[in-house]
Amino acid sequence: MTAPAPARTRAKGPVDPRLWKYSRSARGYVGVTVALSTVITLCIIVGALAIGRVLAGVITDPTARTLSTWTTELAVLAGATVVRVLATGAQSRYAHRSASRVVAELELEVLSAATRFEPRELDAEREELAVVVTRAIGGLRAYLTGYLPALVLAVLVTPLVLIVILTQDVTSAVVIAVTLPLIPVFMILIGLLTKGRAAATLTTMTTLSAQLLDLLAGLPTLRALGRERGPAARIRALGDAHRRTTMRALKVAFLSSMVLELLATLCVALVAVGIGLRLVFGEMTLEAGIIALILAPEVYFPLRAVGTQFHAAEDGVEAADRAFRVLDRRTVRPTGGRTVDATTADIELVGLTVSSRDGEAPSELSARCRAGTITVLTGPNGAGKSTALHALLGLTSPSAGVVRIGGVPVADLDLEQWWGQVAWLPQRPVLLPGTLYDNVTLHGVPDSEELDLACRAAGFDDVLRDRGGWDSRVGQGGVGLSLGELQRLALTRTFVSGAPVMVLDEPTAHLDSASEATVLAAIRDAADRGVTVVMTGHRRSVVHAADRVVEVHSASTPKQQFDHV
């Protein structure tokens, strides 16, 4: 079952708590960041106090203008400076390492969650998930290496330094306390201006990536038809749209940084003017004025950095938010511990109904697939034939009804044990980059004679001759093979498995009539050997090859279920 999707709103708070939930490295990173930020804060305060004491003493006391007089203070200043530099460097180094680990963990979590989606749900989000996993989450590095350390420093440095200033000069502390809220206010205004920009950038990138991948996959076909230049205008338009969206986001990020920098500079200048006037009229000590003047920029800097880093990392934050929404609705497949011997087991579909966005498909499907026979599920597109096969395999949970294997509901089965007895041919066969032999032997190395028989049964022996043998290489998804060759390779892998159950989704798609006849004859031979065959099909030849035909319908189509032997 799939948990209901949460509302599409970002979690409240400066840091999404789901980051700690889904990434163990993020939790350790925050602890180290807080510790190092505390050290940096103390070094800032100690350094400012040392500088103020030395400068005030040198200026006001002519007899104290020798190095020996200030040995202790200078040593403390040097030590604080060295420790601050080392802590800052360590924080930056650790931040980059931790960011890479956090990104890798989130990518793995999202990928693992996606593999547990029901097939129909995965198809609807395939492109967005691909972009989020392969590219977008990488933008979270700027968030972890820039925004998060700046946020921790703002929480530690700003109040502590303001307290130190208060002990030295109450007036300067009051001026800072009054002007300090201006920076968060401007950050909010800039945030409202940029609202939706990161989401728009990610959406444009997703669309562009999906269309480019489709174009590359279909380029051989387009070239064969002389239409390879057809999509050029559309791809160019998408690229221009992505460029414009990205440049707008960058422009706002640069402008926000400039606005916050200017505002902080004016606030520090206001404090400096007040200190200068009071020093002139003798209303404060020089040491207190120097300390307050040195520490004033340190109060504004962390907040300024938070605003700048947040807008620079907003794309990564948006991608992480989409990733967290995927993780929040992980699919939990019902699975039991019961096992079944599928060799002689009948497969029963009783009132099978699966709900989708467009209604129920299939709707109230009932059928019995007997061992050693061929059962064909047929019906119009969208009726739910493939979904019925997914429910049979335990990949989709029915809204109503039940699927039984040898009398045991699929929900009660040990799915791994059940899948180990099934040869599954989906509409889109999965092929990995490598040799033809690698793709046929994904589930084990078969006997050479069995492999030759499977090749002839699928008509793949002709492909081997044309391609130069088993060592011929294919790309991701079967790039380098035609659709017909890819289908015959997948059929070979199915036939060589020796499984007692074959579940075939459109097994003769992309095949000519001669190849189709060869494949159907091989399927008949398998059924005669006792294999339970359940497949979908539209073609008359496929229907005629069946021992039993069951018409599948959705809730929106009239019920015309029939059986014939």
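The values are calculated or read from the model by the stated rules, or taken from the named source; none is laboratory data. Keep in mind that this is a model prediction, so the values were computed, not measured. Counting neighbours? That spans all protein chains shown, and the Cβs are built from the backbone with ideal geometry, glycine included. Note: areas computed on protein heavy atoms with side chains; ligands, DNA, RNA excluded. Shrake-Rupley method; radii C 1.70, N 1.55, O 1.52, S 1.80 Å.
Listing for the model above:
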| read-out | value |
| --- | --- |
| The range 285-310, subset farther than 30 Å from Leu140 by Cα and open to solvent by 30 Å² or more (accessible area, probe 1.4 Å), residue nearest to the chain's Cα centre (by Cα) | Ile294 |
| Test: residue in the range 144-152 that is over 30 Å from Ile291 (Cβ atoms) and at pLDDT below 85 | yes |
| Identity of the residue in the range 438-451, surrounded by 12 or more Cβ atoms within 10 Å (Cβ to Cβ), out of contact with any helix residue (DSSP H, G or I) (no Cβ under 6 Å at 6 or more places or on another chain) and under 12 Å from Ser497 (Cα atoms), that ends up modelled with the lowest pLDDT | His443 |
| Those residues of the range 393-437 which are within 21 Å of Ala526 (Cβ to Cβ) and either in contact with a Leu (Cβ under 7 Å, 6 or more places away or on another chain) or open to solvent by 40 Å² or more (accessible area, probe 1.4 Å) (or both), in sequence order | Ile405, Gly406, Trp419, Gly420, Val422, Trp424, Leu425, Gln427, Pro429 |
| Test result for Val185, farther than 21 Å from Arg322 by Cα, surrounded by 14 or more Cβ atoms within 10 Å (Cβ to Cβ) and either modelled with pLDDT of 70 or more or not polar (S, T, N, Q) (or both) | no |
| Hits in the range 521-548 (condition: part of a loop (DSSP other than H, G, I, E, B) and crowded, with 19+ Cβ neighbours inside 10 Å) | Val531, Gly537, Ala545, Ala546 |
| Selected residue (criterion: nearest to Trp424 (Cα to Cα)) from residues of the range 473-482 that are part of a helix (DSSP H, G or I) and open to solvent by 30 Å² or more (accessible area, probe 1.4 Å) | Gly477 |
| Some residue of the range 369-376 being open to solvent by 20 Å² or more (accessible area, probe 1.4 Å), farther than 19 Å from Gly530 by Cβ and in contact (Cβ under 8 Å) with a residue 24 or more places away in the chain | no |
| Only one of Gly401, Gly469 that is within 35 Å of the chain's Cα centre (by Cα) and at positive phi | Gly401 |
| Flag if Leu49 is touching a helix residue (DSSP H, G or I) at 6+ places or on another chain (Cβ under 7 Å), modelled with pLDDT of 90 or more and under 20 Å from Ile165 (Cβ atoms) | yes |
| The range 514-564, residues that are of a type in the set (Ser, Thr, Tyr), modelled with pLDDT under 90 and under 17 Å from Leu349 (Cα atoms) | Ser554 |
| Residues satisfying the stated conditions in the range 260-284, i.e. open to solvent by 50 Å² or more (accessible area, probe 1.4 Å) and within 48 Å of the chain's Cα centre (by Cα) | Glu261, Leu262, Thr265, Leu266, Leu270 |
| Subset of the range 299-331 that is modelled with pLDDT under 75 and of a type in the set (Val, Ile, Thr) - its residue that is nearest to Leu162 (Cα to Cα) | Thr308 |
| Residue among Gly139, Gly79 that is part of a helix (DSSP H, G or I), over 18 Å from Ser23 (Cβ atoms), open to solvent by less than 70 Å² (accessible area, probe 1.4 Å) and not charged (D, E, K, R) | Gly79 |
| Breaking point among (1) at pLDDT 80 or above; (2) outside any helix (DSSP H, G or I), for Phe117 | (1) |
| Count of the range 340-399 residues which are assigned to a loop (DSSP other than H, G, I, E, B) and touching a Cys at 6+ places or on another chain (Cβ under 9 Å) | 1 |
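For (1) surrounded by fewer than 15 Cβ atoms within 10 Å (Cβ to Cβ); (2) in a loop (DSSP other than H, G, I, E, B); (3) free of Cβ contacts under 8 Å to residues at least 40 places away in the same chain; (4) not aromatic (Phe, Trp, Tyr), each residue gets a yes or a no:
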{"residue": "Leu453", "(1), (2), (3), (4)": "no, no, no, yes"}
{"residue": "Ala457", "(1), (2), (3), (4)": "no, no, no, yes"}
{"residue": "Asp466", "(1), (2), (3), (4)": "yes, no, yes, yes"}
{"residue": "Asp471", "(1), (2), (3), (4)": "yes, yes, yes, yes"}
{"residue": "Gly484", "(1), (2), (3), (4)": "no, no, yes, yes"}
{"residue": "Arg488", "(1), (2), (3), (4)": "no, no, yes, yes"}
{"residue": "Thr492", "(1), (2), (3), (4)": "no, no, no, yes"}
{"residue": "Val503", "(1), (2), (3), (4)": "no, no, no, yes"}
{"residue": "Val519", "(1), (2), (3), (4)": "no, no, no, yes"}
